[in-house]
Each structure stands twice: as structure tokens, then as C-alpha cells.
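Read through the structure below, which is laid out as C-alpha cells, and then see the notes.
The values are calculated or read from the model by the stated rules, or taken from the named source; none is laboratory data. Predicted, not measured: the structure shown is a model, and the values here were computed from it. Don't worry about glycine lacking a Cβ; one is built from the backbone with ideal geometry, like all the others, and counts go over all protein chains shown.
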Amino acid sequence: MSRIDESLATDRRRFLRAALSGGALLAVGGSFALPRLLAAGAAGGVPALVHTPPGEVLLECYADDGRDLGTCHVQRLVLSDAQWRARLTPLAFDVMRRDGTERAFSGPHERPAQAGLFRCIACATALYDAATEFDSGTGWPSFWRPIAKRNVIEMVYNLYSYPHRHLFTLKVDAPRDNPVVPTVSGQWSHADWQEREVFDLLGVVFEGHPDLRRILMPEDWPGHPLRKDFVEPEEYHGISTSRESLLKA
């Protein structure tokens, strides 16, 4: 690598660290690893005003040997901090619920040699096939596609550095039944409302957000209406939600 290439690579890494923090904790064979995005930010959990409604999520299920078992309905995990602590190791709890992270290049599955599936350490949802992993140079596992689109909610960040003239597209996958990623509102104040909109309509929880509440729907609206698994209630506070078709036969 030339000195110019090394300088550019260093600038890109610095820009990535300054630009975005996030990632889901993944499990492989009982251990865990982090994807490529560095988690940093505020301590503390999901604000008390955020209530994830219980219910089922439609996922693509996989056996441990990688066989696709087809679609299945999985109960969404809605747990208290005490229940999460009992379910997770201290490090896993810190990463999943407190914006912590593993130290870069320290995980046993940074570049696993064996075939297998990466599962969410919290809910066991299959997220990635080890065959799609690549070396991003960040010290955390990186993948070029999820194992099944229906199992994740993908957030796309298009970032541009004017001083360095670098354009980046970062994609963050979160488990569909428990989508939690750190906020970037500390880096970009305008992300405040954009993250609130994504939370409101798609149910992604942005940990560390200073004011995570609905922005379009009523606070007590059940569910998130732009999700494909959303089921509209028949009525809201006694008001029917059914409407006559505007199309004439």
C-alpha cells in the first residue's frame, strides 16, 4: 500500500469513527461478535416512554446447520432491564442495552474459519451466514448481505465529508424483532427528527436519543404503520379505522 493509500485509509477510518456508531451483538456457536460499526455514546437504556408492543414477528427461520426452515412466527421479546441482565452476560448486556462495544480485533469470531450462522445474542434470530463475511479492517465482523431480508431492518446512512471529499454509504442491520441502534443525533442535530420518524413508523429504537417519541402518530398508537408486519387495529379510541374505497366499480 502506498503512503497516499495509507493516508486515505486512515482518513476514512477516522471519518467512520467520527461519523457513526452502532451495531448489533451477534452470536455464533454460543459466542458473540460485533459488526463493523463502533458503538460509542451515552450510557443508559431505552427511555421509559418507549413501549414496544408485545406480539409476533414473521421471520425466516434457520437450523444451526444453515438449512432454511421457512417462515415462522416468533414472539417479540419485551423484557425489563432486570430480565435482560438475567438473560445476557455482563458484556452482552452492556453492548445490547447500554451502547457498549467489544474492543476492536479482540473477538474470537472476527474472521471465523468455520462455516456457521451469526445469530442475535439477545433473540437468537439468524442474521448472517459466515460465508458472506469480509475483512473490513475495522476489527469487527462485517457482512455483505444479511441471511434473509425479512429478518432485519436495514438503515442506510449516506455520509459525505466536505474537507476530505469522501463519500460513504453505511448500512446498519438490526434484528427485526428488537431493532436497536445508537443515535447519531450527537453528530448531526438534524438527525433528531429523522430518527424520531423512523422510530415512529418502523419501530427502530435509537439509544441515547435525547427525545425519542412519536412525531407523526399518537403516542398510544399500537405498532408502527410502515412495517410490513403491521396490522392496523379495527378502531382507535372508539373511532373506526376502516374506510370506504374511493374507487368506483
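Overview of results
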quantity	calculated
Options W188, W193; residue that is among the aromatic types (F, W, Y), at pLDDT 90 or above and either crowded, with 16+ Cβ neighbours inside 10 Å or not in a strand (DSSP E or B) (or both)	W193
Residue in the stretch 211-218 that is out of contact with any Phe, Trp or Tyr (no Cβ under 7 Å at 6 or more places or on another chain) and over 30 Å from G238 (Cβ atoms) present	no
Condition met for L216 (surrounded by 19 or more Cβ atoms within 10 Å (Cβ to Cβ), in contact with an Asp or Glu (Cβ under 9 Å, 6 or more places away or on another chain), over 17 Å from R76 (Cβ atoms) and not basic (K, R))	no
Residue within the stretch 187-195 that is in contact (Cβ under 8 Å) with a residue 24 or more places away in the chain and either under 30 Å from Y128 (Cα atoms) or touching a helix residue (DSSP H, G or I) at 6+ places or on another chain (Cβ under 9 Å) (or both) present	yes
Residues of the stretch 119-176 that turn out to be part of a loop (DSSP other than H, G, I, E, B) and either modelled with pLDDT of 85 or more or of a type outside the set (D, E) (or both), as a count	21
Extreme residue, surrounded by the fewest Cβ atoms within 10 Å (Cβ to Cβ), among residues of the stretch 136-180 that are touching a residue at least 24 places away in the same chain (Cβ under 8 Å) and β-branched (V, I, T)	T138
Any hit, the stretch 238-248, residues being out of contact with any Phe, Trp or Tyr (no Cβ under 7 Å at 6 or more places or on another chain), on the phi > 0 side of the Ramachandran plot, modelled with pLDDT of 85 or more and in a loop (DSSP other than H, G, I, E, B)	yes
Number of the exception - V205 against (1) over 19 Å from L77 (Cα atoms); (2) touching a strand residue (DSSP E or B) at 6+ places or on another chain (Cβ under 8 Å)	(1)
